[in-house]
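What follows draws every value from the coordinates through simple rules; no lab data is involved. Not measured: the values here are computed from a predicted model. A quick note on method: Cβ atoms are made from the backbone with ideal geometry, for glycine too, and the neighbour counts reach across all protein chains shown.
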């Protein structure tokens, strides 16, 4: 009887730990939503997707794989993944308001 109760309590404890961990983990979709990005662009707070894509391609030619908008340190930053002609993936970080290149590195 003791071992059965102990096993049950350990199961509940493990479930509680799992739930607390999941609650406090950062969300995978912590970036801005497309709807919010559209509103910010319409207000002139960030460049349009078309303009930011053109800026990114001016820094690194290739096919855009992904664009993500995030707010970092009080400003909006676009993280853009580009596949170049040599099949290398590059990650570019651009200021979303100006299109200025903040960082460019080869993705692993």
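Things to note:
- Sorting 102, 94, 40 from the fewest to the most surrounding beta carbons within 10 angstrom yields 102, 40, 94.
- Our Cα-only numbers for segment 26-108 put the radius of gyration and Dmax at 12.4, 38 Å.
- Using only Cα coordinates, the Kirkwood hydrodynamic radius of segment 55-100 works out to 10.8 Å.
- Each residue in 45, 50 was given a count of other beta-carbon atoms within 10 angstrom of its own, and listing them fewest first yields 50, 45.
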